[in-house]
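The values are calculated or read from the model by the stated rules, or taken from the named source; none is laboratory data. For clarity, every value in this text was computed on a predicted model and none was experimentally measured. Here the Cβ is made from the backbone with ideal geometry for all residues, glycine too, and neighbour counts use every protein chain on show.
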2 protein chains.
Amino acid sequence: MKIPPVKGTRDFYPQEMAVRNWIIDGWKKVSLRNGFEEYDGPIFEYLKMFQLKSGDEIVEQLFSLTDRGGRDLALRPEMTPTLARMVNQRINSLPRPVKWFSVPRLFRAERPQKGRLREFFQWNIDIIGEDSVLADAEVIFTTVDYLRQVGLTDRDIKVKISSRKFLAGFLKGLGIPEQKLGALYVLLDKSSKLPADAFEELLIEQIPEKSISDKILKFMTEQSSEQMIDLIGPNECARTALDEINQVFEYLKNMGVSDYCIFDPGIVRGLAYYTGIVFEVHDVVGELRAICGGGRYDNLLKDFGGPAIPATGMGMGDCVLEILLREKWLLEKQLPEARLEYFVACVDESFKDATVGITMALRSRGFAANFSYKSGKLSKQLKQASDSNAKKCIIIGEEFKDKKLVIKDMVTGRQEEVEEDKFFAGLEKS
Amino acid sequence: MKIPPVKGTRDFYPQEMAVRNWIIDGWKKVSLRNGFEEYDGPIFEYLKMFQLKSGDEIVEQLFSLTDRGGRDLALRPEMTPTLARMVNQRINSLPRPVKWFSVPRLFRAERPQKGRLREFFQWNIDIIGEDSVLADAEVIFTTVDYLRQVGLTDRDIKVKISSRKFLAGFLKGLGIPEQKLGALYVLLDKSSKLPADAFEELLIEQIPEKSISDKILKFMTEQSSEQMIDLIGPNECARTALDEINQVFEYLKNMGVSDYCIFDPGIVRGLAYYTGIVFEVHDVVGELRAICGGGRYDNLLKDFGGPAIPATGMGMGDCVLEILLREKWLLEKQLPEARLEYFVACVDESFKDATVGITMALRSRGFAANFSYKSGKLSKQLKQASDSNAKKCIIIGEEFKDKKLVIKDMVTGRQEEVEEDKFFAGLEKS
């Protein structure tokens, strides 16, 4: 009986696993050098935890399950609620700011599409307990630090930055009531993904007054802060938020990443919980979904039963990133080669025990070593050594009766005889 | 609103995450040096995949879920079914033997107990396509290679080895029919976990003839192969299987791990799919559950719709292992220290931009560097540098007006002035 894998999931054969490991190792390395500590939570949480604050969109996408006690659980679709729960649990003992990162496996019960699977990995970095936009800038810097490290230039990608506070100020200035904003954010977040006329139609459904919806359309496409100032007029909230945006750009310039960053008021983010600076990284060609997104969420810890503590963060999935890295030919040439330090071969079956013994002695000393189950011809074993990318091949033959090994350098092809004792003594030193 | 974590799951704060990473990194390192390649599959599969061949015990412990299309899925409780599915999918293109490892997160919907949680990590190594017991011995060697590397000696743990083929041969020799064996394995597997009289009672329920159940009880507790030969008599199947067991011990001696290994016919393994050598690693004191277990499963790939291909493997969870490592004081002293290469401090707020800029320049060059959001007093920043275990502290003060940095070695306390350009040029070289 043959059973297929579930649609929207991935099998990681060694080749795909090498890519996943390389991406995740890079995330971890860049997080650590930027001063973030690693954490993780459970794969599933109480369903109501995700219903609490993540907007309607994400709740529709949950994989839910029931345990034996009848409790409603769900596979995590994002990491931030777990982060809020964990920080709240130890709010009095954790030194602040909390600078944490995680690489959770996440789940969305939606129809699989290009760059969007039901099961994926997401790099999360968060800074909790710091209200200065310096923290927002540091999150953006860390994001660029990774993307630049893997070879993406400012001609490949752009960080598009705006502010939820700025947008909220502008929308309230137009007379749109607070309780309408959540649904409007979800729609505005889709503006670049929808055809222009389809988007306009949906906007008019929510905002029937044409003079107001026109202003919103104009706002979403303005690119300079000068034109923005005209558009927002004497709106105090929006002006304060614009100052903050400018401050972030000052920091990013000082951090050496301003070439990657542009102001884009069309950046909204769908989730309800953002409160300040928001950003997304997009490929310049604009063919792919956002590579990552993030922003400030100052109310979330409070909404999860904790004190009011400012927070800002970023999440980057592995799917779109991998597509982009492949398109730019940045993946395969950077993958580390699987390497074997020694392959141990024997000239015939009578030396099999010695072959096995020496292989295991090498492994015990920390060296990657392998041998062939089928002794067969030496040439066949040497081919296996070469196929497995071994640096050196140890050949066990007649010389072994005098306790000597033949060591063949697989790069130069040179061979030498070494006494077994001396060989192992030499290993310890290196 | 405060929501708790789900019972039987774990929150990995940075301290717990460091332990998890250290354990998993060790598993990966030892796997690679023993010639295994890493793979992984999805967290969930079709429910029927786990029902197919894993014995009743594991199916009761599944977390099941239904997707939007009404398909019955389950979180993976073990890795072997996914492995069988993946290997079968590419059976014609994969070079054999397949030597693969994985570190899946697994799930069991049971009551949490000491060393047994609802969500855990499990190291899996498998060799597929090799029927020689040399492969079984190699799996056991790799297991010991890891346990020895983390400091567990043959006075702490023992690998208890037997054979399902041996047990099956013996039981059939007593006249027990094939179809009764599955349920009997599940019971015999529990013999060491149940009080002697409770176990006997359950055994008599399955095997009412006292002469037969007595022989089974004797078999389960015999330790020498000489006594075994008496007990099994002229049973061909059992004798062949005993020869295999002896061959495994020969290999293990040659591999240098025989001090860790003993023959124990009481080792049964609960899962139905084992067909040959089986083993478990136990703490010598005998206080904990098995640290790991494994064995040969030559029919599994065929049962999953593939060809008949021999296979053998091992699975080790992280929970019992961690308990044992803590008991033996092997954990904390081996954890790598979190390290920061540079902490960048400033004498006052006027140097804040320079502080941020230099921190980011260091990070961009691959160095772990941090700074303080609140400039405050230098002494406070130096304390933060020391708390974060920084090797060096860069102090930005008046000297910076002449483009000079003060570098303080946090170990020796020595300070020196270096020109900024020279400092960064020197970094590139190292």
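Listing for the model above:
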read-out	value
Boolean, B:A290 is more than 14 Å from chain A (Cβ to nearest Cβ) and surrounded by 19 or more Cβ atoms within 10 Å (Cβ to Cβ)	yes
Any hit, the stretch B:310-323, residues being modelled with pLDDT under 95, surrounded by fewer than 21 Cβ atoms within 10 Å (Cβ to Cβ) and either touching a Lys or Arg at 6+ places or on another chain (Cβ under 6 Å) or at negative phi (or both)	no
Helices (runs of 4 or more DSSP H) contained in the stretch B:227-337 and holding at least 2 residues not assigned by TED's automatic domain parsing to the domain that holds B:D156	B:236-254
Lone qualifier among B:K328, B:K374, B:K380 - being out of contact with any Phe, Trp or Tyr (no Cβ under 6 Å at 6 or more places or on another chain), surrounded by fewer than 18 Cβ atoms within 10 Å (Cβ to Cβ) and touching a residue at least 12 places away in the same chain (Cβ under 8 Å)	B:K328
So B:L188, is it in contact with a helix residue (DSSP H, G or I) (Cβ under 8 Å, 6 or more places away or on another chain) and either touching a residue at least 60 places away in the same chain (Cβ under 8 Å) or in the same structural domain as B:S132 (by TED's automatic domain parsing) (or both)	yes
Selection within the stretch B:118-170 - over 16 Å from the mean Cα position of the chain (by Cα), surrounded by fewer than 24 Cβ atoms within 10 Å (Cβ to Cβ), outside any strand (DSSP E or B) and not hydrophobic (A, V, I, L, M, F, W, C)	B:G129, B:E130, B:D131, B:S132, B:T153, B:D154, B:R155, B:D156, B:K165, B:G169
Selected residue (only one of A:A368, A:A361 is at pLDDT 95 or above and in contact with a Leu (Cβ under 7 Å, 6 or more places away or on another chain))	A:A368
Filter pass, A:R105 being facing another protein chain (nearest Cβ under 8 Å), surrounded by fewer than 19 Cβ atoms within 10 Å (Cβ to Cβ), of a type outside the set (V, I, T) and under 16 Å from the mean Cα position of the chain (by Cα)	yes
Subset of the stretch A:390-430 (residues that are acidic (D, E), part of a strand (DSSP E or B) and farther than 22 Å from A:G366 by Cα)	A:E416, A:E417
Residue in the stretch B:53-66 that is charged (D, E, K, R) and at pLDDT 90 or above present	no
Matching entry among B:V87, B:V103, B:V59 (being under 21 Å from B:G293 (Cβ atoms), of a type outside the set (K, R) and without any contact (Cβ under 8 Å) to a residue 24 or more places away in the chain)	B:V59
Residue list for the stretch B:14-45, filter: in contact with a Lys or Arg (Cβ under 7 Å, 6 or more places away or on another chain) and of a type in the set (F, W, Y)	B:F36, B:F44
Meets criteria (at negative phi, modelled with pLDDT of 90 or more and within 34 Å of the chain's Cα centre (by Cα)) for B:L174	no
